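The values are calculated or read from the model by the stated rules, or taken from the named source; none is laboratory data. Everything numeric here is computed off the predicted structure, so don't read it as measured data. We place every Cβ from the backbone using ideal geometry, glycine too, and count neighbours over all the protein chains shown.
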Amino acid sequence: MPLTPVETGQESSGASEYLWTLNFGPQHPATHTTLRLVLELDGERVVSARPDIGYLHSGFEKIGEHLDFNQYVTVTDRMNYISPMANNVAWHGAVEKLLGIDLPPRCRYIRTIVAELARISDHLLCVGAMGLDVGAFTFFLYAFHQRERIYDIFETICGARFTNSYTRVGGVSHDITDDAIEKIRAFLRDCPATLRDMERLLNRNKIFVDRTRGVGVLTRAEALNRGATGPVARASGVTIDLRKDEPYLAYPDFDFQVCCAREGDCYARYAVRMAEMWESLKIVEQAVENLPSGPYRVGPDARVVLPPKNEVYTTIEGTITQFELVMDGRGFEVPCEETYAAIEAPNGELGFYIVGDGSDVAYRARCRPPSFIHFAMFPHLIEGHTLSDVVAVLGSLNIIAAELDR
């Protein structure tokens, strides 16, 4: 890439006469997406960094003012596209809080299962790509093998591997089947061996440790002041986890630990994510083995949940209910109120602020994405480090540009 010298006014005796401006991205293999960083370098040392966002801005929040509460779930898939199931759960959790809907136990368990599988999938990509960026190619392949298993499970559950659009107002699109449960059990049996292999590959690997220890340190005070959440905050000693602090879905029923570290560097963020995958496996196993019977969505009397397609096509009641919920001027009875609800997404607190105006379309749909908050910390974390540390710090934050820009 071309380098542009910027005169600093320093004298030439022993000091650098120039700072160099380097564009890192928006097309660079280590950004993994369309991120751009404008770096000022003194030789190999990063003097300052300026994030330049907007390359994936798609107007997601404005679209929320035009699509109804069920249609908008397809947009949430495309925010953090590494764990779209978690986005689905977050969106409809906020909608149901606005509408005052209480989910049946089976639906809460199903949503918990898919949210934790999405967390494992997200963490596998994050640590796998982070390892790849610092030279651990085999580690990356181990991670992606298990991610493919999770995609197979999602396809069995809802018919889609990537953009799932699984949740609905008051429930989910499909009940979880015996075939899906068997695939989940097989994954629970096989994944621990892969995680142990991954830990043996990197936990004490000298190259990886040297590239990540003491790099991009975020102290506990800075994590709190800068609004960090999720693994980024917990790696700095901030013991915040919405699954424990503000329990939702079926999390109060399960035994699991909040994984934390104190160092706040790239290695700590890697270690926290690796530990969280073990806890997610425990949650999924408890949920699958104690899955309640009963309905997977609220009853038809609530008049908020779309009927199954076979009922729409074969019964007059299903057809009428479908039309009542999707026709203009009909739809849900939405209070003229506002609400905010958040979940502990893989990257941190993912929340939606929704304003209702009586129609089945939000007056305002605002998203609180963790990537936006964490990317703002990057200039502070990278200052004083070398150019080669950029990929390690960026990988440890797991910035997803589609969620960043919205």
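Among residues that are assigned by TED's automatic domain parsing to the domain that holds Asp253, closer than 30 Å to Phe208 by Cα and outside any loop (DSSP other than H, G, I, E, B), Leu325 is not included. Here Thr138 meets the list (1) β-branched (Val, Ile, Thr); (2) in contact with a Leu (Cβ under 7 Å, 6 or more places away or on another chain); (3) surrounded by 23 or more Cβ atoms within 10 Å (Cβ to Cβ) almost entirely, failing just condition (3). The listed residues are Ser293, Ser280, and the only one of them that is among the hydroxyl-bearing types (Ser, Thr, Tyr), under 22 Å from Ile176 (Cα atoms) and in a helix (DSSP H, G or I) turns out to be Ser280.
Can you tell me which of Arg204, Arg185, Arg147, Arg234 is more than 26 Å from Leu397 (Cβ to Cβ) and modelled with pLDDT of 90 or more? When all the criteria are applied, what remains is Arg185. Scanning segment 171-179 finds one or more residues that are surrounded by 22 or more Cβ atoms within 10 Å (Cβ to Cβ), farther than 20 Å from Pro369 by Cα, in contact with a strand residue (DSSP E or B) (Cβ under 7 Å, 6 or more places away or on another chain) and touching a residue at least 60 places away in the same chain (Cβ under 8 Å).
Of all residues in segment 77-113, those that are within 15 Å of Ser173 (Cα to Cα), assigned to a loop (DSSP other than H, G, I, E, B) and in contact with a strand residue (DSSP E or B) (Cβ under 8 Å, 6 or more places away or on another chain) total 2.
Scanning segment 117-143 for residues that are touching a Gly at 6+ places or on another chain (Cβ under 6 Å) and either at pLDDT 95 or above or closer than 24 Å to Val288 by Cβ (or both) yields one hit, Ala143. When Asp175 is tested against (1) more than 18 Å from Glu285 (Cβ to Cβ); (2) at pLDDT 95 or above, only condition (2) is not met. Taken over segment 45-60, the criterion of being among the charged types (D, E, K, R) and modelled with pLDDT of 90 or more is satisfied by Arg45, Arg50. Considering the conditions (1) of a type in the set (Ser, Thr, Tyr); (2) touching a Lys or Arg at 6+ places or on another chain (Cβ under 6 Å); (3) in a helix (DSSP H, G or I), Ser236 is excluded by exactly one of them, (3). Does Ala365 qualify as being buried (at least 18 other Cβ atoms within 10 Å of the Cβ), assigned to a helix (DSSP H, G or I) and over 17 Å from the mean Cα position of the chain (by Cα)? Against the criterion (buried (at least 18 other Cβ atoms within 10 Å of the Cβ), assigned to a helix (DSSP H, G or I) and over 17 Å from the mean Cα position of the chain (by Cα)), Ala365 does not qualify. Looking only at segment 85-110, residues that are more than 19 Å from the chain's Cα centre (by Cα) and small (Gly, Ala, Ser) come to 1 in all.
Counting only residues that are out of contact with any strand residue (DSSP E or B) (no Cβ under 8 Å at 6 or more places or on another chain), of a type in the set (Phe, Trp, Tyr) and farther than 30 Å from Gly384 by Cα, segment 217-269 holds 3 of them.
Screening Tyr313 with (1) out of contact with any helix residue (DSSP H, G or I) (no Cβ under 7 Å at 6 or more places or on another chain); (2) crowded, with 16+ Cβ neighbours inside 10 Å; (3) aromatic (Phe, Trp, Tyr) gives one miss only, at (2).
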